[in-house]
Amino acid sequence: MSNFNFLTEWPELQEHAKQAEAVVNSDPRSSCFYSRYTLERLVHWMYEFDPWLARSKPKYDTTLNTLINESEFKRSLGSTIFPKIKAVQKAGNNAVHSERKVSQLESTQSLKELHHILYWFYRTYTSANTEEKPATDQVFDLTKVPQTIQVDASLVMNSAKKLKELQKQLTERDNKHQEKLDKELNQNLELQNQLKALQQQLAEQKAQNAKVAEQVKDPHDYNEAETRTFIIDQYLKEMGWNLDAANVKEFPVSGMPISKQNPKGNGFVDYVLWGKDGKPLAVVEAKRTTVNSKEGRRQAELYANCLQNDPQFGGKSGGQRPLIYYTNGYDIYFWDDENYIPRSVQGFLNQDEMQRLIDRRTLAKQLKDVELDTNIAGKGRPYQRLAIESVCEQFDAEKQRKSLLVMATGTGKTRTTIALVDILMRAGWAKNILFLADRNALVNQAKKEFSKLLPKSSPEILSSGTSALKGRLYFSTYPTMLNLLSAAPDTRLFGVGHFDLVIVDEAHRSVYKKYRYIFDYFDALLLGLTATPKNEIDKNTFDIFEQPDGDPTYAYELKEAIDDKFLVPPKDVQVDLGFIRKGIKYTELSEDEKEEWESKEQLEDKDEVLPSEVNKFLFNEDTVDKALEILMERGVKVAGGDRLGKTIIFAANNDHAEFIVERFDANYRKYKGKFARVITYKETYADSLIEEFKGEKKPSDPNIPLTIAVSVDMLDTGVDVPEVVNLMFFKVIKSKVKFLQMLGRGTRLCENLFGPEDNKLFFKVFDCCKNFEYFEMNPDGAKDNGAKSLSQAIFEKRLTISQQLIDNEQFGIYGAEYQRYLIDTLHNRVAGMNLDNFIVRPNRQVVEKYQKLDTWFKLTNEHLAELEKQVSVLPTEAEPLEPDEKEEELALRFDHMMLTMQLALTEKTGITDFYRDKLNQIAAKLESKASVPAVGEQLEWLQYVQSANFWTDLTLEELEQTRRKLRLLMRFIEKESTGVVYTNFQDEVLGVHENEGVYEFGQDGGLELYRKKVESYIKENQDNLTIQRIKRNQPITKLDLEELDNKLFEASGIDNIETYQSTIHPDKSLGVFIRELVGLDRGAAKEAFADYLDEAKFNSQQIRFVNTIIDFLTQNGVMSPAMLAKPPFSDIHFEGVFGLFDDGAVMDLRNRIKRVEAQAVGE
């Protein structure tokens, strides 16, 4: 007697299914294992004998998870079968990998799901099916399941450990058997023919069964609702809930609203989760999958009322109010209605976590009643107290669960946070806390601060190898936490409610874009910390922390902190080096340098190195030497002025950083290679170097402390060294946020740095790359382009093309075929999304929708929006449809380029020359690799791509063929082998301009900024013909000035011409405005006054006077005749022009000055 007698055609499957059935009550863990093993053998059978699936079987990965997620496999299933396969797989995995008890209900449900799957399999593949007699329905009968406890001891595998051993043995046996079959099959033609015959026979049977299924509806009840309940059960069991315990499911309550349908007011709670004291901790209302979870809110609330008012649990006088959950299996909502509004969560709490929330209702103190420990923060720094009070008010009085603190670098964000954590702990609000940062150095630094100021918090750093939790306060980088959460649900170190507070260091958009799934996963109070000015924080960040735009919980920013003397300001030193400013031109080099240029292979085809290439592609010794010389001479000194103070040099890249240190060591040998060191991510022992730089670790030579840290990204943010008094920017920065963070390395106070009572008052910033100038012109910096991931961009492009090809006659039959291929590819990607992945799980409902192939053939605009916004960003475990679609980064980049070209073709916008040239270059480079066999096979096509014929009447099919043929060949193209060029050309210092005062932040108004933009444009475009004529005092026309004015209007960034005209040069003509900026060419000025330089006619004092006019015009462009009686002219003679020249000459000089100005006005 068995539920699986119908499987006589497949004795192996029948045997394993009966093994699972035999121990379903006596050994539930083994039963779940055997159900999964039966499923695994069934799937392998399908891939071997179903010819449709045999063609798509992965070659290298034949694990169950990979096979069931193949798109062709999913396509072959009925719409209700895949969730059942996942349920059996999940129950089997839990049985092997989890030590928690497996209940009889769980093993029974797993067996039921297996029975559904096997019935579908039987109906699909049976040879007993005929047109007249469809396969009979098979109903799972619990009476056929053995109830006895006494079973064959060999089947009882009580521990997960033993099951793991059994799984290993079976896997090895099956693999060996399969390898033997494959070997025999490859060597025996007769066996191959037999397999093909069997596959053909099965295909015919399958087709016949499908035909019968169309005529006679499948009467079998696949019970989708039961499967969904099973999934909810799994979520609860993941958190340790024993659902087999008494009174958990369908618990009866009274006191529901009385109605005709319910005259007695009774009800049944789907789940009641109980505390160790026998009191209800939570109710769970489970709705159907087709129903919105929110529809269960009121019902769950009423159930909570009933339990709270039940006399056996304390009754109306003081019954315990349970927590409230309502879910449809996809969305889970949690409501602690004594404290918060309902919120969406990603899972359930365990018993201890729920009890903690219940206990806090009576034990937790109001945060305002807990005294701040001023030994940690707030003493002498009132803004820290205000920050803490603001967060406490949001968390407690306003019942908000998220806060955002904006505090300038150096104002004590970490101390403020530690003091806040101390309050939350002492108030009973937080037991377990997580601190997240983006780098190990920041994690280590934060842990040290917490250990010093709050040692009782037991701080620990998490790593990918962490297997047990011992402390209360944990520190982790974002990538480490992402890896830990990617473990199977039953093996994760923490559920959604483990942490009471999550602290996000440097909370800004780039962090959220990469790691938002972490913030979404944990159901905890969330505190964001950032030094980014609030007007630079994007809207998304305010949304994440549920704050109004531009209005964080509390802000204490850089300018305010400097004004309050809690930070020190920078002094900017503009270092103008010729090569960095203007680049290197071959024609301007000396003969020896030209010879050196010609000896460099990388410079062979160049006649110029651009400014942007200096310190990236070309490293020049003299350029670095001059910069270091300026730093060593002008940098802030310590030790009585004998030694350079702590300095950070921000290098362009790792090669540049190493080159800087090499040049320093070559020029300053007395420091023995210990004074300046490279600190980048490529340095294995970077953390120990940081400790030495910070003074936490003694230097090997106390007379030569590590003083100059040359860094790429690693010291840009977060690392606190108050002794830093010099920064050197040897790289271009376009992000305003990053620039301010980097400046923050020098803003910290440092008392007695130069001696007793001689404190640090400022720090110097040596800017070699015009960064200050850039941000004066562009206060907001470069805008974040919000770049999508490569896989997301490819997904969206394929989706767009697939929709444009629907019923598109222009692309004919191929267009229809290609459209189907795009849909299959997209569906395959979604089909491979693991529903148990913590990133995918919150989107389970929408993912399951698109895991059904039918959905893809009737996409609406709403569907397209869902796919682009919710699905395209999710990770997948799918194998490619075809071997040549293997995912490699270079191949995917090529895909993106080719899909961009296809999109241009379908949208009829035309393929740009940029992409034409790029594809030609790729084809040419590959052609040069024709000796590689894989490339040689495509040689003819590569030559065709480079021909005019390819680009004449280019078709969609040819573009797709090119993509498929070439994508995996990208691996054979080396990266642009520009390499690194080291030179020793003579550079020049154009100027070193040191600001006498300190740099002022944000002083310029908007109109002044526009004017600066125009001035900058004029200075940078002095080769413009009209500007040149103005400078040389040559005739210009009104039309010349009008054209130039239009260019300046565009450069200004002002919205309308009226504002431009009233802002830029309201009180003078454009020509005069430009002349004042660029000056007058000295030769032109001399020519204008040549008559007065004749020594035969004028004495030395008169000639000196006229030369002063020429100097003034050369410098200022124009001058007022009234100046002739004022300094510097009155310095030559106290009466000015009138004391040296007669009236006629005075009038003539006056007229000449006016003519110089008139020439700039234009005719």
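Points to keep in mind about this one:
- Reported to the nearest whole Å, the Cα centre-to-centre distance from the stretch 644-675 to the stretch 25-95 is 59.
- Antiparallel DSSP beta bridges within the chain, percent to nearest 5: 35 percent
- Anchor LYS379: lysines whose Cα lies under 19 Å away (excluding residues fewer than 8 positions away in-chain): LYS368, LYS413, LYS452, LYS565
- Sites ASN1021 and VAL932, calculated FRET efficiency, Cβ-Cβ separation with R0 30 Å, nearest 0.05: 0.05
- For the chain, relative contact order (Cα pairs under 8 Å, six or more residues apart, normalised by length) works out to 8 percent.
- When you count the other C-beta atoms within 10 angstrom of each residue and take the mean per peptide, 396-406, 699-709 line up highest first as 396-406, 699-709.
- For the stretch 657-740, size of Cβ-based charge dipole, Lys and Arg +1, Asp and Glu -1, in debye: 320 debye
- By other beta-carbon atoms within 10 Å, ranking SER931, SER457 with the fewest at the front produces SER931, SER457.
- Span from the the stretch 248-273 Cα centroid across to the the stretch 1089-1163 one, whole angstrom: 104 Å
- Between 0 and 90°, nearest 10: helix 1006-1020 axis offset from the chain longest Cα axis: 70 degrees
- Percent of C-alpha pairs per 5 Å bin, the stretch 298-404, short to long: 2, 10, 15, 18, 17, 13, 10, 7, 5, 3, 1, 0
- Sequence-distant lysines (8 or more away, or on other chains) whose Cα lies within less than 21 Å of LYS606: LYS582, LYS585, LYS594, LYS616, LYS918, LYS925, LYS975
- The value of relative contact order for the stretch 367-563, using C-alpha pairs under 8 Å at least six residues apart, is 28 percent.
- Against the chain, whose longest principal axis is taken from its Cα atoms, helix 790-804 shows a tilt of about 70°.
- Fewest neighbouring Cβ atoms within 10 Å first, the residues VAL253, VAL1072 line up as VAL1072, VAL253.
- Summing charges over neighbours of GLY578, with a neighbour being any other residue whose Cβ is under 11 Å away from its Cβ, gives -1 when K and R count +1 and D and E count -1.
- Mean separation of Cα contacts under 8 Å (6+ apart) over length of the stretch 1-78, as relative contact order %: 18 percent
- Relative packing of 1022-1034, 567-579, which averages over residues the other C-beta atoms within 10 Å, highest first: 567-579, 1022-1034
- Between helix 297-309 and the chain: long-axis angle, C-alpha atoms, 0 to 90°, nearest 10: 70 degrees
- Cα-projected label distance for TYR340 with ASN1099, points at 7 Å along beta-carbon direction, nm: 9.3 nm
- Cα centroid of the stretch 925-968 to Cα centroid of the stretch 380-453, whole Å: 58 Å
- log10 of Debye I(q)/I(0), alpha-carbon scatterers only, for the chain at 0.04, 0.07, 0.08, 0.10 Å⁻¹: -0.33, -0.92, -1.13, -1.46
- Exposure proxy order (Cβ contacts within 10 Å, fewest to most) of HIS1065, HIS16, HIS97: HIS97, HIS1065, HIS16
- Amide N of the stretch 931-949 lying under 16 Å from the label point, which is placed 7 angstrom from the Cα of PHE972 along Cα→Cβ: 931-946
- Extension gain for ARG964-LYS1068 works out to 31.1 nm (0.36 nm per residue, less the C-alpha to C-alpha distance).
- Gyration tensor (alpha-carbon) shape descriptor, the stretch 229-363, a/c threshold 1.5: rounded
- Computed lengthening from ASP913 to ASN759, 0.36 nm per intervening residue step minus Cα-Cα distance: 49.4 nm
- Once the mean of 1/r is taken over each pair of separate Cα atoms and inverted, the stretch 367-563 shows a Kirkwood hydrodynamic radius of 16.9 Å.
- Annotation: lysines with alpha-carbon distance below 20 angstrom to LYS1126 (same-chain offsets under eight excluded): LYS1154.
- Computed extension length for LEU954-ASP563: 134.3 nm, one decimal, from 0.36 nm per residue of separation with the Cα-Cα distance subtracted.
Values quoted throughout were computed directly from the atomic coordinates according to the rules given, and no laboratory measurement underlies them. If you're wondering where the values come from, they're calculated on a predicted model, not measured in any experiment. Neighbour counts are summed over all protein chains in view; Cβ atoms, including those assigned to glycine, are modelled from backbone coordinates with ideal geometry.
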